[in-house]
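Some notes on the structure that comes next.
The values are calculated or read from the model by the stated rules, or taken from the named source; none is laboratory data. None of the values given here were measured: they were computed from a predicted structure. Here the Cβ is made from the backbone with ideal geometry for all residues, glycine too, and neighbour counts use every protein chain on show.
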């Protein structure tokens, strides 16, 4: 995740993922509306996702909710596959 020259590696679990965004656990604060570059690999399908996202809300000391922006159509479909595979394993 990149914001204004900072880089941060964060482990994100599938339940935090949706086809159009995700919740990212981080203690770093970002203002609502901030645009981040996001790169992550889906753990079950091993697909690499690279997209920009916009911070929709920030829970101080807990994390941020982001919405993917300008993401290719396959980002949503690959995210749905990941969520589906995670749900069937429960």
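Answer with yes or no whether residue 15 is surrounded by fewer than 16 Cβ atoms within 10 Å (Cβ to Cβ) and at pLDDT 90 or above. Lay out the reasoning, then the answer.
Details: surrounded by fewer than 16 Cβ atoms within 10 Å (Cβ to Cβ): yes; at pLDDT 90 or above: no.
In short, no.
Which one is farthest from residue 74 (Cα to Cα), of the residues in region 32-46 that are assigned to a loop (DSSP other than H, G, I, E, B) and touching a strand residue (DSSP E or B) at 6+ places or on another chain (Cβ under 7 Å)?
Initial filter on region 32-46 (assigned to a loop (DSSP other than H, G, I, E, B)): 32-34, 42-46.
Right, trim to touching a strand residue (DSSP E or B) at 6+ places or on another chain (Cβ under 7 Å) and you get 32-34, 42.
Values: 32: 26, 33: 24, 34: 24, 42: 13 Å.
Selected residue: 32.
When you look at residue 64, is it touching a residue at least 12 places away in the same chain (Cβ under 8 Å) and either part of a loop (DSSP other than H, G, I, E, B) or in contact with a helix residue (DSSP H, G or I) (Cβ under 8 Å, 6 or more places away or on another chain) (or both), yes or no? Spell out the reasoning first.
On the way: touching a residue at least 12 places away in the same chain (Cβ under 8 Å): yes; either part of a loop (DSSP other than H, G, I, E, B) or in contact with a helix residue (DSSP H, G or I) (Cβ under 8 Å, 6 or more places away or on another chain) (or both): no.
Criteria not met by residue 64.
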